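The structure appears below as structure tokens.
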Amino acid sequence: MARIAYFGPEGTFTEQAARSLAAAGDELIPFETVQLALAAVRKGETDAACVPVENSVEGPVPATLDTLAEAEPLVAVAEALLPVHFSILARPGTTEINTVASHPHALAQVRLWIEAHLPGARPIAASSTAAAAVAVQAGEFDAAVCAPVAAEHYPLEVRATEVADVRDARTRFLLVSKPRQLPEPTGADRTSIVAAAANRTGALAELLTELASRGINLTRLDARPSKTNFGEYRFFIDFEGHIAEPRIGDAVAALRRRCRNVRFLGSHPRADGVRATVEPSAGNADFVDAAEWLAAVRRGEQA
Ligand SMILES: O=C(O)C(=O)Cc1ccccc1
């Protein structure tokens, strides 16, 4: 039985994601921020943490990326992909809605709906969708934009369901733990790293070329400021494949050679099950064959 921290409070999308990743009997423990959920794993208070990492409409979740890049290393061991549509909750009897609170990612995804259905209502940023529900319950705001499950946790009235400006929006969540034995490769895996490229002409292009030349398909590239030197960036790179595979290991070792700093953020099965596309001559068998041939040449057994 594992203890799993999640970005809460109860009723967030992240709780839904954590439930989908947890095994029977695991204990789920809410934390008010992404940083606190990840700190709980680092301190050993929990075995893992579930946090949002990217949204198909709003892009990366900066708190997650920055916290994974700093302090003691953590690695993603699994991921979940949730469809994201929202319920609008209000206290029973509320007639006028002047303020609508939610997580900034949620507000950004219902801006048009609010303009059309609650004209003039002021959007208010809350730490999470469920924190907005708590604030509405306390009378601080009139309505909250929430995950559908929030209606089961808070005594609020559901005013609208299936709200979303963009159909089929999705958010990807990570289950993160201290570095430990990696999940087995499945053929449909994702590897994540964060790299501080040297501050010189072509440094990022060189990193990407290390991946491209080994036929590795990127699934995400985000730049975040290093925070210490203005104009210096960290690059978060996700790509298809598992670090146990020769071609992926070869590429990550090349990045380690080239960069001031590389941190491995995990290899795990993709939630969408999409198998890696491998270019001709860039398959694992090709890398193994080339390494065996080279070893034989070096032993003087082949030319
Ligand atoms: O606030 C939440 O419920 C979260 O889990 C973060 C989030 C916010 C908006 C869309 C998806 C996830």
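Using a 1.4 Å probe and counting only protein heavy atoms, arrange Tyr6, Tyr233 so the residue with the most accessible area comes first.
My answer, sorted largest first, is Tyr233, Tyr6.
For the chain, the convex hull drawn through the C-alpha positions has a volume of 160 cubic angstrom per residue. With the simple model of a label 7 Å out from the Cα in the direction of the Cβ, Ala244 to Val288 spans 1.3 nm.
Of the residues Val278, Pro246, Leu82, the one whose Cα sits farthest toward the positive end of the charge dipole of the chain, with +1 on the Cβ of Lys and Arg and -1 on the Cβ of Asp and Glu, is Pro246. The candidates Arg263, Arg200, arranged from most to least accessible area with a 1.4 Å probe in the full protein assembly, appear as Arg200, Arg263. When segment 86-163 is described by a simple charge dipole with +1 on each Lys and Arg Cβ and -1 on each Asp and Glu Cβ, the residue from Ala116, Thr94, Ala138 located farthest towards its positive end is Ala116. Count Lys and Arg as plus one, Asp and Glu as minus one, and take only other residues whose Cβ is under 11 Å from that of Ala276; the net charge is then 0.
Return the carbon/sulfur percentage of the accessible area of the chain, one whole number, probe 1.4 Å, all protein chains in place.
Working: 7510 of 14310 Å².
Carbon with sulfur: 52 percent of the solvent-accessible area.
Each residue, Arg257 and Glu301, gets one label point 7 Å from its Cα in the Cβ direction; the gap between the two is 2.4 nm. Under a plain spin-label model, where a point goes 7 Å from the Cα along Cα-to-Cβ, how far apart in nm are Glu206 and Lys43? Roughly 4.1 nm, to one decimal.
At 222 nm, what helix-only mean residue ellipticity would the chain give, in deg cm²/dmol to the nearest 500, using -39500 (n - 2.57) for each DSSP H run of four or more?
Working: 10 runs with 90 residues, N = 303.
After summing the helix terms and dividing by residue count, I get -8500 deg cm²/dmol.
The values are calculated or read from the model by the stated rules, or taken from the named source; none is laboratory data. All figures in this text were calculated on a predicted structure; none of them were measured in a lab. Reconstructed Cβ throughout: ideal geometry from the backbone, glycine too, with neighbour counts over all protein chains shown. Heads up: the accessible areas ignore ligands, DNA and RNA and are worked out on the full protein's heavy atoms, side chains in. Shrake-Rupley method; radii C 1.70, N 1.55, O 1.52, S 1.80 Å.
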